[in-house]
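The structure appears right after this line, and notes come after that.
Taken together, the values in this text are just the output of simple stated rules run on the coordinates, not laboratory data. These numbers come from a predicted model, not from an experiment. In this analysis, Cβ positions are derived from the backbone assuming ideal geometry, glycine residues included, and neighbour counts consider all displayed protein chains.
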Amino acid sequence: MAERLVVTGMGAVSALGFTAEENWAAARDGVTGIKIQPFDPGPHGPASVDFPAAPVKDAALPALEAALGKRIGNSLDPFAAHALMAAHEALGQARLLGAPLGHRAAAIMGNGIGGLRTLEKAYERLFGLKATKVHPLTIPRVMVSAPVSAIAIEFGITGPVFATASACASSAHAIAQAAALITAGLADMAVAGGSEAMASPGGLRAWDSLGAMSESTCRPFSAGRDGMIVGEGGAAIVLERESHAEARGATPLAYYVGAGMSSDAFHWTQPTLEGAVTAMRQACEPGGLLDDDEVLIAAHGTGTDLNDKNEAAAIKHLFGDKAAHHPVTATKSAHGHLIGASAALQAVIGLKALAAGLAPPILGYLGEDPECAGIDLVLGPKARAIKARSLLVNAFAFGGLNCSLAFRAA
Amino acid sequence: MSSRDEELIDIIAEEALIDRAKLDPAAKLEDIGLDSVDLVSVVFAIEEKYGIEIAEDSFTRSDTLGEVVKKIDALIDAKAA
């Protein structure tokens, strides 16, 4: 049997705060990071428009610079800066800062779309200002692997380093890949997760044009829900071979016990029951979660009509009679949808919830939708005491790409 | 130094993420840690701000900061003339 993998560090930055603890505390206390605010595309675009969204506060950059003890300025797109901030916190908690981490360390981070803000600026110059040149570092700032390169350079990680992309499941796939690399013997430890910074004038317009965005807020599994809310940020965990963690005296925060992946191979925006159930089942089986009396489920829970009814049906289909006993949280109602970073942030908040014995509340709930009934939604305004010792994190992406992760409390 | 020269050094500090206090006009670019990637960012920012064009081979890393500022001054003055 393969050696167990332990989580020894966690980091997170989102509209809810700049650390894992701040994110957990806000989610636990029912604080939302979502608010209606102007998104002004500048003098070459259409008029400014108000959208509900959950961007990261500007003070994140000075906080990161203070943590690293050096200037970052505009040398990184925000999506890479968020990744670096989360990775720094996670490695700090794991007591892995200081010496370069070397070739037995990996960094795998997911994102959905790359450095959109940098790209928007470049295109404003070309198409708005009719300039012939864009910033010479546009490519290295935009590229989807910029976050992992920034992390590798900062922490001296010379083993496997790459990005994963599967839209809203990107960071779940990253964590699953990191675990697989360690299990395959290609690394002893990894920092894994994801980041995204799509809460830009162009990003918001694109989501709005798709008709996927709520006009008010994210209301997972609720009657009257009308869509997702764009959030942004980064989240990361440190995964290690158990013997590696023990040898250096690291404290296990939780155990990683499985991942499941599937593709619907069906539709760009409509999910399938089979795809969701397959990913969840594969994730649950190795760690025995299907037999647990209580599993904390960190739902994908986007607040869109289609996802939430499909996910509720998938939970009922997989867990049968037990489904009604598994508390279901959906913290996108607080931090918005961080796209490629969502699964990692929900894993961090979920692991904090397991440790605290408290499930964070679903916000914005207006009333029961019969199509989402039969699962145990944790409704606000306050956190609920739970007995669960295991966590299932779901990520079901546009394009039909699914990935679920399973953990056990330490 | 003129206020414009101070401004140019501010831009260099900002774009190359170098501590402003370390930007001694007598120091060579290579000695203050300004690499080729930093240099393209600096050139881009200065071209933007002053509406000038700086040829690719205008500077080498063995130039001093003072020499670089003097060359840029000349280009800005040439444009204004």
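What helices does chain B have that are whole DSSP H segments, at least 15 Å long along their own axis by Cα, and with mean Kyte-Doolittle hydropathy of 0.0 or more?
Helix filter hits for chain B: B:36-50, B:65-80.
With each run of n ≥ 4 DSSP H residues scored as -39500 (n - 2.57), what mean residue ellipticity at 222 nm is computed for chain A after dividing by its residue count and rounding to the nearest 500 deg cm²/dmol?
Helix-only estimate at 222 nm: -9500 deg cm²/dmol.
Among A:Y123, A:Y256, A:Y365, what is the fewest-to-most ranking by other Cβ atoms within 10 Å?
Result, fewest neighbours first: A:Y123, A:Y365, A:Y256.
Return the long-range amide H neighbours of A:M228 (sequence gap of 5 or more, or a different chain), with a cut-off of under 5 Å between placed amide H atoms.
A:M213, A:S214
When a/c reaches 1.5 or more, the comparison of a/b and b/c decides; with that in mind, is the range A:258-410 rounded, prolate or oblate per its Cα gyration tensor?
Verdict is rounded for the range A:258-410.
Determine the alpha carbon to alpha carbon distance for each of A:K35/A:K130; A:K35/A:K316; A:K57/B:K71; A:K70/A:K130; B:K28/B:K79; A:K35/A:K352 and list only those over 31 Å.
With Cα atoms farther than 31 Å apart: A:K35/A:K130; A:K35/A:K316; A:K57/B:K71; A:K70/A:K130.
Does the protein assembly as shown come out rounded, prolate or oblate by the C-alpha gyration tensor, with a ≥ b ≥ c the root eigenvalues, rounded set by a/c under 1.5 and, if not, prolate when a/b is larger than b/c and oblate if not?
Cα axes put the protein assembly as shown in the prolate bin.
Mind checking the alpha-carbon convex hull of the range A:1-139 and giving the volume per residue in Å³?
About 172 Å³ per residue, rounded to a whole number.
Net charge around A:S222, counting only other residues with Cβ within less than 9 Å of its Cβ (Lys, Arg = +1; Asp, Glu = -1)?
So the surrounding residues net to -1.
Take A:W268, A:W24, A:W207 and order them by how many other Cβ atoms sit within 10 Å, fewest up front.
A:W268, A:W207, A:W24
If one computes the Cα centroid of the range A:34-106 and of the range A:166-213, what distance in Å separates the two points?
15
In whole angstrom, how far apart do the alpha carbon centroids of the range A:241-264 and the range B:1-47 sit?
45
With only Lys, Arg, Asp and Glu charged, each at its Cβ (+1 for the first two, -1 for the last two), find how big the charge dipole of chain A is about the Cα centre; round to the nearest 20 debye.
I would put it at about 900 debye.
Compute the whole-percent fraction of alpha carbon pairs in the range A:278-357 spaced more than 15 Å apart.
59
Of the DSSP beta bridges with both residues in chain A, give the percent that are antiparallel, rounding to the nearest 5.
That works out to approximately 65 percent antiparallel.
Tell me the relative contact order for chain A as a rounded percent, counting alpha carbon contacts under 8 Å between residues six or more apart.
This gives 23 percent for chain A.
Assign unit charges at the C-beta atoms only (+1 for Lys and Arg, -1 for Asp and Glu), then state the dipole size of the range A:5-247 relative to its Cα centre in Debye, rounded to the nearest 20.
With only Lys, Arg, Asp and Glu charged at Cβ, the dipole is about 560 debye.
Rounding to the nearest 20 debye, state how big the charge dipole of the range A:168-256 is about its Cα centre with +1 on each Lys and Arg Cβ and -1 on each Asp and Glu Cβ.
80
Using +1 at the C-beta of Lys and Arg and -1 at the C-beta of Asp and Glu, which of A:L392, A:L377, A:A312 has the Cα lying farthest in the positive direction of the dipole of the range A:293-410?
Checked the options; the winner is A:L392.
Computed over the Cα atoms of chain B, what is the ratio Rg over Rh, Rh following Kirkwood?
Rounded to two decimals, Rg over Rh is 0.92.
How much of the DSSP beta bridge set in the range A:258-409 is antiparallel, as a percent to the nearest 5?
65
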